[in-house]
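Worksheet for the structure shown next.
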Amino acid sequence: MIRDVLKKVERFGGIVLIEYSSLDHPEVVFREVLEFWRKMGIRPMIVDIGETLNIFVKQLEFEGETVGIDDIPVIKELGKLRLGRVIGEVSEIEDFEYHMAKYAQVARKVPKESRKHTIVLGMEKFVFNFLDDPPKLERYFERINRRYLKSEDLRDVIFLNVSVASDYLTKSLEQDSDYVLRLKRDTLEVVKSPWGWVE
């Protein structure tokens, strides 16, 4: 399933939102995304928010699986554990304009071949501090998400734990994504595609 979607995204560009709950195993999908791009000769960038990358890697190890990330460029947002080839950190999230300026500064260090393919882990943690402030959350989407992510040249996969994310955050990300995939146990369902909502 994820590979079929990624083939379309590779051809046309776009944002893929993968929704999962705290009972699911999104790390398996993460590994598949990474392996798919690697087989195409693509080394994506990872945005690791909180300690999500560490959680995914540890869970894969518990399942007897490994995923090579030592050479993967990582932008670290919040959290202390550094996995992959961390090229910079962004800790300020309250001031969106400052955040984007700092993020852009760090992103310039990302190798050119990795800039168009991004995996975002822990999106729900990024906005945790202002979940109860919808106006601020809306400003986030206007200033960051909608302004910077909408590009035919980008291929982004965003993982979202809907057990933690607010309904507002979930619906906003669904609105801005080209594909919405929902993980249930070990099955991915296509909820939204460029041709409309499936449900």
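The values are calculated or read from the model by the stated rules, or taken from the named source; none is laboratory data. These numbers come from a predicted model, not from an experiment. Cβ atoms come from the backbone with ideal geometry, glycine included; neighbour counts cover every protein chain shown. Areas reflect the complete protein model, heavy atoms only, side chains present, ligands, DNA and RNA absent. Shrake-Rupley method; radii C 1.70, N 1.55, O 1.52, S 1.80 Å.
Here are a few things to note about the model shown:
- Ligands, DNA and RNA are left out, and with a 1.4 angstrom probe the accessible area of the range 1-192 is 48 Å² per residue.
- Solvent accessible area, Å² - residue 20, 1.4 Å probe, full protein context: 20
- Whether the range 53-104 is rounded, prolate or oblate, judged on the alpha carbon gyration tensor where a/c under 1.5 counts as rounded: prolate
- Karplus-based coupling profile of the range 29-42, in residue order and whole Hz: 5, 4, 4, 5, 4, 4, 5, 4, 5, 4, 5, 8, x, 9, with θ = phi - 60° in 6.51 cos²θ - 1.76 cosθ + 1.60 and x standing for Gly or Pro.
- Charged neighbours of residue 47, selected by a Cβ distance under 10 Å, balance to -2 (K, R count +1; D, E count -1).
- Virtual spin-label span in nm between residue 40 and residue 23, 7 Å along Cα→Cβ: 3.3
- Where only alpha carbons of the range 1-192 are counted, the Rg and the Dmax (Å): 15.4, 44
- Net charge of the neighbourhood of residue 17, taken over other residues with C-beta under 10 Å away and scored Lys/Arg +1, Asp/Glu -1, is -3.
- 18 Å Cα-Cα threshold exceeded, pairs from 7/76; 8/39; 8/192; 8/184; 76/102: 7/76; 8/184
- Cα gyration tensor shape for the range 37-77, rounded if a/c is under 1.5, else prolate or oblate: oblate
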